[in-house]
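Written out below as structure tokens is the structure these notes cover.
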Amino acid sequence: MNDRYNGKETWEEWRKEWALEDRYNFKTIEKKWQAIWDKEQAYKVEIDKNKEKFYALVEFPYPSGAGLHVGHPRSYTALDVISRKKRMQGFNVLYPMGFDAFGLPAENYAIKTGVHPAVSTKENIANFTRQLKSLGFSFDWDRCISTCDPEYYKWTQWMFIKFFEKGLAYKDKIAINWCPSCKVGLANEEVVNGHCERCGAEVVRKNKEQWMIAITKYADRLIDDLNDLDFIERVKSQQVNWIGRSEGAELDFELTDKDGNALDGKKMTVFTTRPDTTFGVTYMVLAPEHEFVQAYMSRFENPQEVQDYVEATAKKSDLQRNMSDDKTGVELKGVKAKNPYTGDLIPVFISDYVLTGYGTGAVMGMPGHDQRDYDFAKKFGLPIISILEGVDISEKAGEGDAPHINSGFLNGLKNDEAMKAAIAYAVEHGFGKSKVNFKLRDWVFSRQRYWGEPIPMVYCEHCGWQPIPESELPLTLPEVPDYHPNDEGESPLSKAGDWLWTKCPKCGAKARRETDTMPNWAGSSWYFLRYCDPHNSEAFASKEALDYWMNVDWYNGGMEHTTLHLLYSRFWHKFLHDCGLVPTKEPYNRRTSHGMILAENGEKMSKSRGNVINPDDIVAAYGADTFRLYEMFIGPFEQVAMWSDESLMGVYRFVNKIYGLFKKVADIEPTKDDLRAMHKCILEVTERVDQLKLNTAVSSLMTYVNYLSGLEKVSAELYLNLLKMLSPFTPHLAEEMWARMGKDTLIVAESWPVGDKTLAEDNVVTMAVQICGKLRGTIDVAKGMPQAEIEKLALSLDNVKRQLDGKEIRKIIVVPNKIVNIVA
RNA sequence: GCGAGCGUGGUGAAAUUGGUAGACACGCCAGACUUAGGAUCUGGUGCCGCAAGGUUUGAGAGUUCGAGUCUCUCCGCUCGCACCA
């Protein structure tokens, strides 16, 4: 009995049976081959040093209760196509799948229903796995991981301790974004337009002790190392943008009373990207939260006014702060700042357009050449000076690279030189230095949540924060009576009785465990490493496995993850590299991003709109192969695409056509034309898959199938090669027809056909004949025809003669095999 | 405002990177076989025109023998960041 022969002993016996079918029965065919791949472990992969490795990675999904979305298979199929082709080309391909299984939805569901998140997550993972398997992806399921598995998060915790040991993880009381509805602190990245990304409630500021990770220490490298990577441009630019490096200088302004007497020797440092414009500075502004304001309140002449403004600002959310076009502020009366370049005394203000978290929280106002300062100066009647020659500042702040004026020793210098000279002067006189600032802040790593990795730290009265010993890892999630945060906003883990209290690993005194959990970015920051060696209990992955498999050769994922996940995981990887734990400084060689799939009317698919397409329904109605092929054909991979049932039908027809073509297959020699069509197709498909032009790779296949359909009989050689090329796209159908052709191997293990350029070329080419660049006719020309003959042929065309009538030919340009252009 | 990208038929889109614009597919039209099925097959299909022919890649200019492709100006759209000094 043989599975591939549908239970018959021999191919001949099976053949008698299928002769009765004339429709493509995808339901039985797809199930059949999925079972055979499973049984024969067709996609299991091990280290094989004799073969070149290829590591293809797709972002692992969060196993939501809604199941797979049609967007997931777009990414998974694309890299499945690439993986399958690479495998056929002799590469040792690692293409793994897993689950990013910690997260809010499971916890919210638990709060609502009381079902433990581990239980619902497990069910969801089972459902996802079923769906993924129904699509025939060539994942090595033996390597499947889940971030909520203690065997996995043991290592996430272990790595956190490494961050702590290296001084990169620290606790700090900071104003965090606080969602009053979720009772949870949010990273800046989780705040969308001032609202909680999850629940939509307006985010407020709240001071809390949080674990932080010092990602800013890697800011420079996270930008600079992008240069060597093959990431698409918009991904790179978004990373650079997010990190937001700006180069400038810090300058100290001495503070005085209103008569110019030094104020306790106090200096105020500002950050500026334009130290060369300092001669145009007419005032200074501090963030309302600046520590100076409270410390020197009693020295101001208008403390009540100042305090009122500070309080009004505190009530504003970031959103309100951003939205106000109008500049507001209050002068700190009785205080002046001394411009270190000119010695001028300038007024000092507080205003909410200056942010406390960026730079020094203080800026010098140079209204002539900065629009925000210009607006502020207009509002408060402050002088506006131009220090750039010929730049108009009557309507708005002036820009441009021009010789400086009104600028003392900088006069006549242009921007760059003036900048250098200004900094050199500041350094020489000890009031400034060059400085690089970043928008990127350290990573807020605490969540007041249950369903995440426990942070493996304990607090001891005597010894402070201590990591738990490695032998106690994993620190598993305790059971809790309910999943609500407590009223102080502490995580549900604070309700975990016995678990909460332990001994200090250092002095043995009673100590309390950290009750916050890690953000869901934690587990996804290093999962690609675990895939290399997923069952290792001694290490997160062996050195041998990492040396062999890393880097990820090709990583595909959604644009929504190009700032956060990509940045975090690159940072995390770099840190491990610095610790000597991974061999490479960057994890991903190539990053691509698939476009979203929208509903037919161009709207986003969402439950509330009721326009969600369930992959299960498509697979049931048309089969996985049609579904896969359609998603590849839908449009350029990196662009958004609109779902269309009608286009899907077209692909379904095509798949049936391939099935139907089998009846024409005969044991005959291919003709020259046949071979030309075949080699052309091979060359095109091979190249287009490598370039991720999957939609046009599919059209090449369609063109070839159209050609074959027009033949009386199809040579077996042609059909077999067609099946090989189809197998990455429609693996089930390809296996089935391969078996029907009498093959007892798996097509997935066959070799990829090699195209021959010479055989793909026609020996007669059609050349365009143009007059002054306008098409006037075509000529069929044998390859290698001498230029003079081509010209003669072109000139003999009736339409050409007519067009040239009475005109003098000045020049004839012949581009071999392409075009003849007659200039008259 | 800053950064990235895009603009081609009724629709989704191709174009070997400067060389016959519209491949492939959807839709539509006509026909065939059938006789209600979201079946299959054949032919046609950018626009104007009966035709010869003309004309066409958001608008305009430029470079070139030749521009969808390169350069400049303008218009429009999408995404990301956004009072980041």
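Only one entry of A:T562, A:T592 meets the criterion of being within 14 Å of RNA strand B (Cβ to nearest atom), open to solvent by less than 20 Å² (accessible area, probe 1.4 Å), touching a residue at least 60 places away in the same chain (Cβ under 8 Å) and farther than 27 Å from A:S727 by Cα, and that entry is A:T562. Here is the figure for the stretch A:658-696: residues that are open to solvent by less than 30 Å² (accessible area, probe 1.4 Å) and in contact with an Asp or Glu (Cβ under 7 Å, 6 or more places away or on another chain) total 2. Every test in (1) open to solvent by less than 10 Å² (accessible area, probe 1.4 Å); (2) out of contact with any strand residue (DSSP E or B) (no Cβ under 9 Å at 6 or more places or on another chain) is passed by A:I597 save one, and that test is (2).
Condition first: surrounded by 14 or more Cβ atoms within 10 Å (Cβ to Cβ), part of a strand (DSSP E or B) and within 48 Å of the chain's Cα centre (by Cα). Can you find one or more residues in the stretch A:804-814 that meet it?
The answer is yes; a qualifying residue exists.
Evaluation of A:C772 against the conditions (1) within 15 Å of RNA strand B (Cβ to nearest atom); (2) open to solvent by less than 50 Å² (accessible area, probe 1.4 Å); (3) of a type in the set (A, V, I, L, M, F, W, C) shows that the sole unmet condition is (2). Only residues that are surrounded by fewer than 23 Cβ atoms within 10 Å (Cβ to Cβ) and more than 8 Å from RNA strand B (Cβ to nearest atom) were counted across the stretch A:352-375, and they come to 2. Which is part of a strand (DSSP E or B) and charged (D, E, K, R), of A:E250, A:E301, A:E289? None of the other options fit; the residue is A:E250. The condition (being farther than 17 Å from A:K32 by Cβ, under 41 Å from the mean Cα position of the chain (by Cα) and more than 14 Å from RNA strand B (Cβ to nearest atom)) is satisfied by just one residue among A:E736, A:E789, A:E750, A:E761: A:E750. Of everything listed in (1) touching a Lys or Arg at 6+ places or on another chain (Cβ under 6 Å); (2) in a loop (DSSP other than H, G, I, E, B), the single unmet condition for A:D744 is (1).
Taken over the stretch A:381-402, the criterion of being of a type outside the set (D, E, K, R), surrounded by fewer than 18 Cβ atoms within 10 Å (Cβ to Cβ) and either at pLDDT 90 or above or under 37 Å from the mean Cα position of the chain (by Cα) (or both) is satisfied by A:G381, A:P383, A:G400. Restricted to the stretch A:792-824, and to residues there that are polar (S, T, N, Q) and closer than 13 Å to A:M767 by Cα, the residue that is farthest from RNA strand B (Cβ to nearest atom) is A:N817. Return the residue satisfying two criteria in turn: it lies in the stretch A:46-72 and is among the aliphatic types (A, V, I, L, M) and surrounded by 19 or more Cβ atoms within 10 Å (Cβ to Cβ), and of such residues it is nearest to A:V640 (Cα to Cα). Going through the qualifying residues, I end up with A:V70.
Here are some conditions: (1) open to solvent by 70 Å² or more (accessible area, probe 1.4 Å); (2) farther than 30 Å from A:K333 by Cα; (3) out of contact with any helix residue (DSSP H, G or I) (no Cβ under 6 Å at 6 or more places or on another chain). A:K378 meets all but one. Which one does it not meet? Going through (1) open to solvent by 70 Å² or more (accessible area, probe 1.4 Å); (2) farther than 30 Å from A:K333 by Cα; (3) out of contact with any helix residue (DSSP H, G or I) (no Cβ under 6 Å at 6 or more places or on another chain) one by one, A:K378 breaks only (2).
Mind checking which strands (runs of 3 or more DSSP E) fall wholly inside the stretch A:401-473 and carry at least 2 residues that are within 16 Å of RNA strand B (Cβ to nearest atom)?
A:432-438
So is A:L718 within 42 Å of the chain's Cα centre (by Cα), surrounded by 18 or more Cβ atoms within 10 Å (Cβ to Cβ) and within 16 Å of RNA strand B (Cβ to nearest atom) or not? Answer is no for this residue. A:K604 passes every criterion in (1) at pLDDT 95 or above; (2) more than 30 Å from A:K32 (Cβ to Cβ) apart from (1). Taken over the stretch A:211-263, the residue count meeting the criterion of being β-branched (V, I, T), free of Cβ contacts under 8 Å to residues at least 24 places away in the same chain and over 28 Å from A:A169 (Cα atoms) is 0.
Among residues of the stretch A:624-635 that are under 18 Å from A:A734 (Cα atoms) and touching a residue at least 60 places away in the same chain (Cβ under 8 Å), those with a beta-carbon under 6 Å from a residue that is near RNA strand B (Cβ under 9 Å from one of its atoms) and of a type outside the set (K, R) at least six positions away or on a different chain give the pairs A:T626/A:V651; A:T626/A:Y652; A:L629/A:V651; A:M632/A:V698; A:F633/A:V651; A:F633/A:N695; A:F633/A:V698.
Go through A:E9, A:E40 for me and flag whichever is under 29 Å from A:F91 (Cα atoms) and either of a type in the set (F, W, Y) or open to solvent by 70 Å² or more (accessible area, probe 1.4 Å) (or both). Step through it out loud before you land on a result.
Details: A:E9 fails: under 29 Å from A:F91 (Cα atoms).
Selected residue: A:E40, the only one of A:E9, A:E40 that is under 29 Å from A:F91 (Cα atoms) and either of a type in the set (F, W, Y) or open to solvent by 70 Å² or more (accessible area, probe 1.4 Å) (or both).
Could you pull out the residue among A:A620, A:A666 that is touching a Lys or Arg at 6+ places or on another chain (Cβ under 6 Å) and modelled with pLDDT of 90 or more?
Every option except A:A666 fails the conditions.
For the stretch A:731-771, give me each residue that is in contact with a helix residue (DSSP H, G or I) (Cβ under 9 Å, 6 or more places away or on another chain), over 30 Å from A:I29 (Cα atoms) and hydrophobic (A, V, I, L, M, F, W, C). Listed by number, the residues that qualify are A:L759, A:A760, A:M767, A:V769, A:I771.
Filtering the stretch A:750-760 to residues that are under 10 Å from A:K680 (Cα atoms) and surrounded by 14 or more Cβ atoms within 10 Å (Cβ to Cβ) leaves A:G755, A:D756, A:L759, A:A760. Criterion applied to A:D442, A:D482 was being out of contact with any strand residue (DSSP E or B) (no Cβ under 9 Å at 6 or more places or on another chain) and charged (D, E, K, R), and the one residue passing it is A:D482.
Against the definition (assigned to a helix (DSSP H, G or I), in contact (Cβ under 8 Å) with a residue 12 or more places away in the chain and closer than 30 Å to A:N589 by Cβ), how does A:W33 come out, yes or no? Considered against the rule, which asks whether it is assigned to a helix (DSSP H, G or I), in contact (Cβ under 8 Å) with a residue 12 or more places away in the chain and closer than 30 Å to A:N589 by Cβ, A:W33 comes out as no. Determine whether A:S524 is crowded, with 20+ Cβ neighbours inside 10 Å and of a type in the set (G, A, S). So A:S524 fits the description; yes.
With within 13 Å of RNA strand B (Cβ to nearest atom), part of a helix (DSSP H, G or I), touching a Leu at 6+ places or on another chain (Cβ under 9 Å) and under 18 Å from A:A734 (Cα atoms) as the only criterion, which of A:V689, A:V705 stands out?
Step by step, each of A:V689, A:V705 is checked, and only A:V705 is within 13 Å of RNA strand B (Cβ to nearest atom), part of a helix (DSSP H, G or I), touching a Leu at 6+ places or on another chain (Cβ under 9 Å) and under 18 Å from A:A734 (Cα atoms).
The values are calculated or read from the model by the stated rules, or taken from the named source; none is laboratory data. It should be emphasised that the depicted structure is a prediction, and the values quoted were computed from it without experimental measurement. No Cβ is skipped: glycine too gets one built from the backbone with ideal geometry, and neighbour counts run over all protein chains shown. Accessible surface is based on the protein model in full, side chains and every heavy atom, while ligands, DNA and RNA are left aside. Shrake-Rupley method; radii C 1.70, N 1.55, O 1.52, S 1.80 Å.
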